[in-house]
1. Residue under question is residue 16, and the condition is that it be in a loop (DSSP other than H, G, I, E, B), farther than 25 Å from residue 109 by Cα and touching a helix residue (DSSP H, G or I) at 6+ places or on another chain (Cβ under 8 Å); does it hold?
2. Assuming residue 100 fulfils every condition listed in (1) touching a helix residue (DSSP H, G or I) at 6+ places or on another chain (Cβ under 7 Å); (2) part of a loop (DSSP other than H, G, I, E, B) apart from one, which condition is it?
3. Kindly list the number of the only condition in (1) under 21 Å from residue 29 (Cβ atoms); (2) at pLDDT below 95 that fails for residue 73.
4. Kindly indicate whether residue 76 is in a loop (DSSP other than H, G, I, E, B) and within 27 Å of residue 9 (Cβ to Cβ).
5. Which residue out of 86, 43, 15 is more than 20 Å from residue 137 (Cα to Cα) and free of Cβ contacts under 8 Å to residues at least 60 places away in the same chain?
6. So which of 48, 3, 7, 38 is under 16 Å from the mean Cα position of the chain (by Cα) and not in a strand (DSSP E or B)?
7. What number of residues within region 108-131 are touching a strand residue (DSSP E or B) at 6+ places or on another chain (Cβ under 7 Å) and either crowded, with 19+ Cβ neighbours inside 10 Å or more than 13 Å from residue 71 (Cβ to Cβ) (or both)?
8. Of all residues in region 32-44, which are crowded, with 20+ Cβ neighbours inside 10 Å and within 15 Å of residue 98 (Cα to Cα)?
């Protein structure tokens, strides 16, 4: 996977219609892939994780050279808030800037299935979208 993502970022970076900055985004399994790429992929500028597998060792996370974005649900049974908290603590210990947020009333996949419970999921999904757009603007802006 890392080799495939390296090839994709190289292709994108060489295009004339992009800023030359690259970020990976992933949901669920893909969130873990995005974090894995942050740890072992070629140079890139951002990583956004939506409910993906996490790493909580600050020494391992120290390999990351860009800010991390994360969105999680407090009711997620697979990635509980305590694990997210350990991840954020490890990022801070490693000196990695981050915007990681756990939304209280939602669980895994809330952002993808807003229509299943719009009264509960719409507000956190919109907030996560705004945070993601701000993050991408900060990390991918042409200099």
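1. It is false that residue 16 is in a loop (DSSP other than H, G, I, E, B), farther than 25 Å from residue 109 by Cα and touching a helix residue (DSSP H, G or I) at 6+ places or on another chain (Cβ under 8 Å).
2. All conditions are met except number (2).
3. Every condition holds for residue 73 apart from (2).
4. When the stated conditions are applied, residue 76 does not pass them.
5. 86
6. Values: 48 fails: not in a strand (DSSP E or B); 3 fails: under 16 Å from the mean Cα position of the chain (by Cα); 7 fails: under 16 Å from the mean Cα position of the chain (by Cα).
After applying the criteria, what remains is 38.
7. 4
8. 34, 35, 38
The values are calculated or read from the model by the stated rules, or taken from the named source; none is laboratory data. All values derive from a computational prediction rather than experimental measurement. A quick note on method: Cβ atoms are made from the backbone with ideal geometry, for glycine too, and the neighbour counts reach across all protein chains shown.
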